[in-house]
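Here's the structure we're looking at; comments come further down.
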2 protein chains.
Amino acid sequence: MADRLKQPLTQDRQLAKAVKDSKAPAISRAAAILRLLGKSDTPLGLQTIARTLGLVPSTCLYVLRALVVEEFVSFDADTKRYSLEAGVLTLARGWLRRNEFTDLAQPVLDRISQAFDVTMLGTHIVGLDHMIVVAVSQSGNNFQLSAQIGSRFPALISATGRCIAAFGDHSEAELQARFKTLRWDEPPTFGEWQAQVSQTRAQGFAVDAGNYISGVTVVAAPVWKSRAKLSHAIVAIGIGSALKGKKLPALQDALLSAAQVLSNQLCGD
Amino acid sequence: MADRLKQPLTQDRQLAKAVKDSKAPAISRAAAILRLLGKSDTPLGLQTIARTLGLVPSTCLYVLRALVVEEFVSFDADTKRYSLEAGVLTLARGWLRRNEFTDLAQPVLDRISQAFDVTMLGTHIVGLDHMIVVAVSQSGNNFQLSAQIGSRFPALISATGRCIAAFGDHSEAELQARFKTLRWDEPPTFGEWQAQVSQTRAQGFAVDAGNYISGVTVVAAPVWKSRAKLSHAIVAIGIGSALKGKKLPALQDALLSAAQVLSNQLCGD
DNA sequence: GAATATAATTCTATATATTGAATAAAGGGC
DNA sequence: GCCCTTTATTCAATATATAGAATTATATTC
């Protein structure tokens, strides 16, 4: 119960801040509403939305109506409930259409996922806050995967997080502050994690051996779009027990060289 | 040149109207900006965006900054240019995650596309304005397809348009007004089109034999989520010359029965 | 089926988002 | 390198989006 309250309240405070500082607060409210509707498993009523996000109902109503007009939200006149509308797909298409990384990474991900029977992800790193899955490849049934494009994770979690810490030059204080907020199945101490980050910096790729999800091994290698800032990573996810022996080193090699090839292609032009 | 001016101006006027009527005009502006960035092949500067959409530069700047904070737009500090950010994918994921139609339609589309060697689409019908492609299946290389999810078309175009006209009970005056704005490779007259719409109503599916795109045959069948309002369609697209003889009738049958099965499944619960 | 509770919507005063001009910064030409 | 053009950003007055109360509609309970 305490947990369920915690989430909305943190949300509230962040939203309140964004609304206050912004010269276009309606947009922060709209974004919060869209994200809430995106997370929800069912359509939501005005009151529920307003309460969850700490918005004034009437204001919330005006924002929702504007979003309905723009076809980002659908409104069921019978039940008076709101949900996401297909218009959001059009935006996603616009993004995918001219994203070099997804175009270049997809065949690479496909190849590695088939060769090693692992799930492969391409992630886009957005600041120190989040990474977003922008490409997926799974051996076998690939239906479920495409639905995972768009997933958001905290920046410092799992193997990709160690890459971000290793190659993203952020202050130790900031890293530690954010590290504390992470949720792992088997949390490493900050010291252990720092050692792993150092190793990542030395070897050029990161491994998460069951910390994030018990029994699941994650390998990640960084991809640069410009020398200045780490922007992407490619990630392999496999059952830990299936990556014993020489398989894991081979996968690491494949990932590292693929990441280097991608970096060169992206930096080139 | 006249053509290039025409588009922005119509855009302007619609946007101006939306802004004026709305109690949250910032959201209309934000939506227009996002759509513009989605269409653009390159990142855009503030001035370009403001001019194209008829916005005041300072207002436009504030909206853009809010969108950057929300991770829907990325800002390159060096070039001062804006483009879509991966955050829009997260919204799309939210939509896809709990959309019954895509879940149910995908295997059906896959089956028919393979059986007849055609491209199959699932479309979502948004009022009389647009339809949006929400599921795609192509025989063979299916990489290119996923990028087309999110494509928007005018509601009355091609075979799906005839379905919307046939089963959507809209006034003839409105249909004619919208019909005039359509662009076809080989435009039918309004009379011819009306006859085809009648036939569509009679036989339960629509055919576009090269009108929309020369040499390409499109077949569409309507799918209902509720008895009240036509909400979706499944669409087959193939080379006209490859659909000669008995193949086209067989495809029509397959599409019609698949659409009926889907309608029953969606209405059920 | 009436009564109550809850949700959605309208309305109006006021805090504030928007405007348009003024300023600063960045390119482009020679 | 300097001037000139274009673009981005700040600033202060005012038109207006927002908050909160009042009203209407919709569910829920007995």
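Only the coordinates and a few stated rules stand behind these numbers; no lab work does. The structure presented is a predicted model; accordingly, all values stated were derived computationally and were not measured. Here the Cβ is made from the backbone with ideal geometry for all residues, glycine too, and neighbour counts use every protein chain on show.
For chain B, a Gaussian network of Cα nodes joined below 10 Å ranks B:Val69, B:Val88, B:Val108 by mean-square fluctuation, and the top entry is B:Val69. Label-to-label distance, B:Ser257 versus A:Gln176, with points set 7 angstrom from Cα along the beta-carbon direction: 6.9 nm. Sorted shortest first, the separations between the A:Thr59 label point and its copies elsewhere in the assembly read 2.0 nm; each point sits 7 Å from Cα along the Cα-to-Cβ line.
The mean number of Cβ atoms from other chains found within 10 Å of a Cβ in peptide A:117-125 is 1, as a whole number.
By the count of other C-beta atoms within 10 Å, a proxy for reagent exposure, A:Ser214, A:Ser231 are ordered fewest to most as A:Ser214, A:Ser231.
Taking 0.36 nm per residue of separation and subtracting the current Cα-Cα distance, fully stretching the chain between A:Val68 and A:Ala228 would add 53.6 nm.
Taking Cα centre as origin and charging only the Cβ of basic (Lys, Arg, +1) and acidic (Asp, Glu, -1) residues, the dipole magnitude of region B:171-269 rounds to 140 debye. Peptide B:93-106 is shielded by partner chain Cβ atoms: per residue, an average of 6 of them sit within 10 Å of its Cβ. Distances between copies of A:Ile239, taken at a point 7 Å out from Cα along the Cα→Cβ vector and listed shortest first: 4.4 nm.
Considered as an equivalent ellipsoid built on the Cα gyration tensor, region B:66-115 has semi-axes of 36, 14, 5 Å, the largest given first. Taking a virtual spin label 7 Å from the Cα of B:Lys39 along the C-beta vector, which residues in region B:51-82 bring their backbone nitrogen under 14 Å of it? Answer for this model: B:51-55. Each Cα pair under 8 Å and six or more residues apart adds its sequence gap; the mean of these over the residue count of region B:142-269 is a relative contact order of 22 percent.
In a simple Cβ point-charge model (Lys, Arg +1; Asp, Glu -1; nothing else charged), region B:68-133 has a dipole of about 100 debye relative to its Cα centre.
For A:Lys80, a cut-off of 20 angstrom between C-alpha atoms picks up these lysines, skipping any fewer than 8 places away in its own chain: A:Lys39, B:Lys23, B:Lys225, B:Lys229. Sequence gap at least 6, Cα distance under 8 Å: using those rules, report the relative contact order of chain B to the nearest whole percent. Contact order relative to length: 13 percent.
Between B:Ala202 and A:Ala250, the simple spin-label model (points 7 angstrom out along Cα→Cβ) gives 6.4 nm. Coupling constants for region B:233-240 follow from the phi torsions by the Karplus curve (6.51 cos²θ - 1.76 cosθ + 1.60, θ = phi - 60°), and in residue order they are 8, 10, 9, 10, 10, x, 5, x Hz; glycine and proline get x. With its label point defined 7 Å out from Cα along the Cα-to-Cβ axis, A:Glu174 lies at 5.3 nm from the matching points of the other copies, in increasing order. In region A:159-262, taking the dipole from charged Cβ atoms about the Cα centre, the farthest positive-side position among A:Gln194, A:Ala159, A:Gly204 is held by A:Gly204. Once Rg and the Kirkwood radius are both taken over the C-alpha atoms of region B:154-207, their ratio Rg/Rh works out to 0.91. Spin-label pair B:Arg98-A:Lys17: with each label point 7 Å from Cα along the Cα-Cβ axis, the two points sit 2.8 nm from one another. Sorted from greatest to least, the principal axis extents spanned by the alpha carbons of the protein assembly as shown come out as 76, 53, 52 Å.
Separation of region B:219-243 from region A:193-265 is 44 Å, based on Cα centroids. Based on every Cα atom in chain B, Rg and the maximum pairwise Cα distance Dmax equal 20.4, 62 Å. Neighbour counting of Cβ atoms within 10 Å sorts the residues A:His130, B:His232, B:His170, fewest neighbours leading, into B:His170, A:His130, B:His232. Shown for chain A are the DSSP H helices of 30 Å or more along their axis, judged by Cα atoms, with a mean Kyte-Doolittle hydropathy of at least 0.0: A:247-268. Provide the FRET efficiency to the nearest 0.05 for the A:Asp169-B:Asp76 pair, computing r from the beta carbons and using R0 = 30 Å. For R0 = 30 Å, the calculated efficiency reads 0.95. Projecting the Cα positions of A:Ile149, A:Gly168, A:Leu91 onto the charge dipole of region A:73-175 (unit charges on Cβ atoms of Lys, Arg, Asp and Glu, taken about the Cα centre) puts A:Leu91 furthest along the positive direction.
Ranked for footprinting exposure by Cβ neighbours inside 10 Å, fewest first, B:Arg227, B:Arg13 give B:Arg227, B:Arg13.
When the Cα gyration tensor is reduced to axis lengths a ≥ b ≥ c, the ratio a/c is 1.5 or higher for region A:56-197, and with a/b not above b/c it is classed as oblate.
For the options A:Arg111, A:Arg81, A:Arg98, a Gaussian network treatment of chain A with springs between C-alpha atoms closer than 10 Å singles out A:Arg81 as fluctuating the most. Taking other residues whose beta carbon is less than 11 angstrom from the beta carbon of B:Leu67, and scoring Lys, Arg as +1 and Asp, Glu as -1, yields -1.
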